[in-house]
Amino acid sequence: MRELRARMERLSAAAVWMDELAAEWSTREYAGSADGGRITATVDAVGTLRALDIHPLSMRGLDSRSLAEAVLKAVRRAEAAAEAAKEEVLRGGLDAAGLPHVAGLLDEARRAFGDRASPEGADRL
């Protein structure tokens, strides 16, 4: 019974800590860049585009297709940074709660979902 109480206290403390981390994570912005740093995209925690800065050299030096690809690359990098931060918060909370094995299960589920969602995986469905 004592062990169960101790585990519940750890879970409760981890939940409070996760709430604090999630609140801090959700207010941050994440950046990604392309074209040698001359194109910068900024997204919020859930990946909503908040700002896009394009240096005049990029607008003059790139044709429209290359410029569009560079903008998309910067946005994707910013989204990836936000996703990585979310994963770090989640993993840290699970570790603090003494549940690191749950993080492994989540990784396996993401991989399986990614396999099914990819064009190659769609052929297997």
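The values are calculated or read from the model by the stated rules, or taken from the named source; none is laboratory data. Because the structure is a prediction, the values reported are computed rather than measured. Using ideal geometry, Cβ is built from the backbone for each residue, glycine included, and neighbour counts are taken over all protein chains shown. Please note that ligands, DNA and RNA were not included when accessible areas were found on the heavy atoms of the full protein model with its side chains. Shrake-Rupley method; radii C 1.70, N 1.55, O 1.52, S 1.80 Å.
Classify segment 48-88 as rounded, prolate or oblate, taking a ≥ b ≥ c as the square roots of the eigenvalues of its Cα gyration tensor: rounded when a/c is under 1.5, otherwise prolate if a/b is larger than b/c and oblate if not. It is prolate, given that a/c is not under 1.5 and a/b is the larger ratio. Restricting the trypsin sites (Lys or Arg not before Pro) of segment 1-99 to loop positions (DSSP other than H, G, I, E, B) with no more than 15 neighbouring Cβ atoms within 10 Å leaves Arg28. Note on exposure: Ser26, Ser64, Ser58 ranked by accessible area (1.4 Å probe, complete protein assembly) read Ser64, Ser26, Ser58, with the most exposed listed first. Which net charge results for the neighbourhood of Glu69, defined as the other residues with beta-carbon distances under 14 angstrom from its beta-carbon, given Lys and Arg at +1 and Asp and Glu at -1? Around Glu69, the surrounding residues sum to +3. The Cβ shell under 12 Å around Ala34 holds other residues with a net charge of +1, Lys and Arg each +1, Asp and Glu each -1. Accessible area ranking (1.4 Å probe, heavy atoms, ligands and nucleic acids excluded), largest first, for Trp17, Trp25: Trp17, Trp25. Rounded to the nearest 20, the Cβ-based charge dipole of segment 1-71 about its Cα centre (Lys and Arg +1, Asp and Glu -1) stands at 180 debye.
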